[in-house]
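Okay, so here's the structure we're looking at.
The values are calculated or read from the model by the stated rules, or taken from the named source; none is laboratory data. Predicted, not measured: the structure shown is a model, and the values here were computed from it. Here the Cβ positions follow ideal geometry from the backbone for every residue, glycine too, while neighbour counts run over all protein chains shown.
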């Protein structure tokens, strides 16, 4: 009887050990799959961040260009108005003073 109990215990112990080994192998495989998924997701996140950064840089550069062109346009308009006002002022002043400026 004792041999039967020892044999049954050994069989149960071997069964539990086999079941544990199989479980560990399955968990190891699942861990490796999860690590691969994490790597893929991380690469996708990096790719998207890089894409967003490139788009943002392009938008900022375009905005800076627009602002520069607006400043240039506004500056040229102001220069034309100032030249026009100076010409009108000098012409009227010369007519009033009855003088002519030969240096211009």
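Quick look at the values:
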quantity: Residue match in region 6-25 (condition: at pLDDT below 95, assigned to a helix (DSSP H, G or I) and loosely packed, with under 10 Cβ neighbours inside 10 Å); calculated: no
quantity: Sole residue being touching a helix residue (DSSP H, G or I) at 6+ places or on another chain (Cβ under 9 Å), modelled with pLDDT under 95 and either assigned to a loop (DSSP other than H, G, I, E, B) or surrounded by 10 or more Cβ atoms within 10 Å (Cβ to Cβ) (or both), chosen from 91, 99; calculated: 99
